[in-house]
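The values are calculated or read from the model by the stated rules, or taken from the named source; none is laboratory data. Quantities reported herein were computed from a predicted structural model and do not represent experimental measurements. Don't worry about glycine lacking a Cβ; one is built from the backbone with ideal geometry, like all the others, and counts go over all protein chains shown. The area values use the complete protein model at the heavy-atom level, side chains included, leaving out ligands, DNA and RNA. Shrake-Rupley method; radii C 1.70, N 1.55, O 1.52, S 1.80 Å.
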Amino acid sequence: SKVKLYTGKPIENKRGNLHFRQEKVETEFRLVVIKNEKTNKKFWFLTNEFELTAKEIADYYRKRWDIEVFFRFLKQELNLSHLVSLNKNGILVMVYMTMIAAMLLLIYKKANNLGYKTAKRRIAMELRDMITAILIIFAGGNPDKVFKT
């Protein structure tokens with residue numbers, strides 16, 4: 001179905017209060033309704049793409065949702081909360097490094113037969129101890145005096 005949307009245009013009345021007047025948006029959109037045969041659930045998609053089939057629209061939204069889930073994983077599970085760089089190369093490096101860390105964490109989890117949160121906590125502690133030992137060695141010290149093995 002072709003649909004038109006409305007938007008609220010802000011206007012001020014004589015008293016200075018802000019109100020919104022409805023105005024039709026000139027751009028036409030396409031409403032695509034997809035029914036999942038297994039669950040009998042309907043999904044409604046709004047798009048400005050008129051050349052694609054309904055299946056192609058649904059596939060694009062499914063892929064987009066996978067990307068959203070991936071970024072939620074990066075933000076919530078791997079603490080990628082903000083970007084250090086705003087240029088393309090810097091963002092790519094940061095995402096690749098986070099993905100490498102995720103893969104190493106999953107390998108550690110599998111090798112030690114641990115749950116995800118336990119593996120995340122233990123690998124962080126082991127990495128902290130390893131980095132501390134390396135810094136002690138570089139400073140000319142003996143890490144065996146610090147860590148009891």
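Numbers below:
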item	result
Residue range of the chain that is longest and free of trypsin sites (Lys or Arg not before Pro) which are both DSSP loop and sparsely packed (at most 13 other C-beta within 10 Å)	42-147
Relative contact order (%) - criterion: Cα under 8 Å, at least six apart; region: the chain	10
Largest-first ordering by accessible area, 1.4 Å probe, given options His82, His19	His82, His19
Cβ-placed point charges (K, R +1; D, E -1), dipole of the chain about Cα centre in debye, nearest 20	580
Computed Kirkwood radius, in angstrom, where 1/r is averaged over Cα pairs of segment 1-43	13.5
Compactness relative to 2.2 N^0.38 Å, alpha carbon Rg of the chain	1.78
Extreme residue, positive dipole direction of the chain, given options Asn89, Trp44, Ala54 (C-beta unit charges)	Trp44
Residue among Leu104, Leu52, Leu18 with the largest mean-square fluctuation in a Gaussian network model of the chain, springs linking Cα atoms under 10 Å	Leu18
